[in-house]
Amino acid sequence: MTRLGVALIAVVVNGLLFVSPAQAEAPEWRSYPLGQRLTVGVAGFRPNIDTKISTTGPGNAIQGNIDFERDLGLEDSKTTTIGALRWRISKRNQLRFDYFNLDRSSQSSSEVSITIQPDSGPPVTFPVDTQLQSALDIEAYNLSYAFSILFDEKKDWSIGLGLSWQDIAASVTNPLDVTEFADIDVGAPLPTLNTTFSYAFSDKWLLDLGLGWLDVEFDLKDDGRFEGRIISLNADLRWQTWDHLGFVLGYRSFDVDVEAEDSDFNGDLEYDYRGPFLGVNAYF
């Protein structure tokens, strides 16, 4: 981990352990436009999606290189729902949680030859234009802690640590012979370093800008290896229409590159989804 990462972790730990009682109990921050104690939100998200799998060596259910949108006909854009929860524990400490699920399936002619490893028997290669049933499900759980370095009536700048669980399940089936089946299921908790800046133009109009980053490598059991990189960006414009209800229009980008070597998967999985969302927030 870089020196910047170590410094950010030190600041976060310092914020958790040494926030003074005066800071934690001061009531005036609750009247700030950015001082809501609890925010619950739901939004419709319409991302453009790009997913690639590149496998190496024997033992993989899917062999070779596949672009799920180009080669297997999966939708490259789909609407899904994002759920979000923000809890400001005290003036400078808050927790955040986000969840969404993006599942897609398709039955179409393959644009390239596809080799899969069935549960038993030798690998099977399907030539170009074979009708294949494919599916890809991405489920994301994001939990983070943020410490506000700067927080006043207009501004909130925070840094923190997050834990992103990305569960990716992919499958390819020959619908004419369901015994020829291949699937991949990859999931791991990935830590992220985050920073967010919020600005209140007025009591009603607020802007949130966020950046998350990860680049980590660690060993798995049985001499396996896991390496992951995540870059996430978001920009939200909030309209706090009423005291306890408002709307949000934003843009989110998430870029993931996961490389793993273990008994279930050897190769590289790359995917990114990015696009606008529109939702509603409830404030308490």
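Coordinate-derived values only; no laboratory data. All values reported here derive from a predicted model rather than from experimental measurement. All Cβ positions, even for glycine, are placed from backbone atoms using ideal geometry, and neighbour counts span all protein chains on display.
If r is the Cβ-Cβ distance from residue 183 to residue 90 and R0 is 41 Å, what FRET efficiency results, to the nearest 0.05? Please report the intermediate quantities before stating the final value.
Numbers: r = 45 Å, r/R0 = 1.11.
With a Förster radius of 41 Å, E is 0.35.
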Q) What spacing in nm lies between the two simple spin-label points modelled at residue 42 and residue 195, each 7 Å away from Cα in the Cβ direction? A) 3.5
Q: Using 0.36 nm per residue of separation minus the Cα-Cα distance, give me the extension gain between residue 247 and residue 165 in nm, one decimal.
A: 26.8 nm
Q: Can you figure out the FRET efficiency of residue 56 with residue 139, using R₀ = 35 Å and their beta-carbon distance, to the nearest 0.05?
A: 0.85
Q.
If you average the alpha carbon positions of the range 228-271 and of the range 144-178, how far apart do those two centres end up, in angstrom?
A. 5
Q) Given labels modelled 7 Å from the Cα in the Cβ direction, how far is it in nm from residue 105 to residue 270? A) 2.9
**Q.** Set of aspartates and glutamates near residue 91 by C-alpha distance (under 20 Å), chain-local residues within fewer than 8 positions excluded
**A.** 25, 28, 152, 153, 156, 203, 208, 243
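If I stretch the segment between residue 79 and residue 233 completely, what's the gain in nm (0.36 nm per residue apart, minus their alpha carbon distance), one decimal? Display every interim value, and only then the final one.
Numbers: separation 154, 0.36 × 154 = 55.44 nm, distance 1.86 nm.
My answer for the length gained is 53.6 nm.
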